[in-house]
């Protein structure tokens, strides 16, 4: 890989670590404590949050008409999302085993911690759960597809790719046939190292 690109990627990783440290500091400031995968707020914080909770009746009466009318369209997408979830899960269990690619741990991508927020009513918690599922599913599916791409076609595109997955920067440059032939097995081997780093 180009040394300048490697340096820039290292700086990005450092900034991501700094962002995570700042987020941890902010969580501590809000007195949120993590017990394994559960979040626990101090009693005083929960009581303060409850003061901001909107009751379900008031929430429904004050709802935007367009939000109410479009909610069936939003929730209808759950069916294709469930099919996608099932499809990519079955796909990776069959194909990744055949190719020797470590499987993606599904539970790493689905986070449902907003239910612990005392200022959300039941409808808001259901909406947050739906969004968490949708975003988690997209991240989970993206990781499966990214590993598949690294195995079968680790070549950068000629055009800029929006929000490329993390493996993309290590792909072979577009049009570099010699590097592709030389690097393909190396890039496939890097996938097997994912087990050790996870």
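Odds and ends about this structure:
- Scanning segment 143-160 for residues that are in a loop (DSSP other than H, G, I, E, B) and surrounded by 11 or more Cβ atoms within 10 Å (Cβ to Cβ) turns up 153, 154, 156.
- Any hit, segment 179-190, residues being within 25 Å of residue 7 (Cβ to Cβ) and within 20 Å of the chain's Cα centre (by Cα): no
- Some residue of segment 156-174 being under 30 Å from residue 73 (Cβ atoms) and in contact with a helix residue (DSSP H, G or I) (Cβ under 6 Å, 6 or more places away or on another chain): yes
Coordinate-derived values only; no laboratory data. Remember, predicted model here, so these are calculated numbers, not experimental data. Using ideal geometry, Cβ is built from the backbone for each residue, glycine included, and neighbour counts are taken over all protein chains shown.
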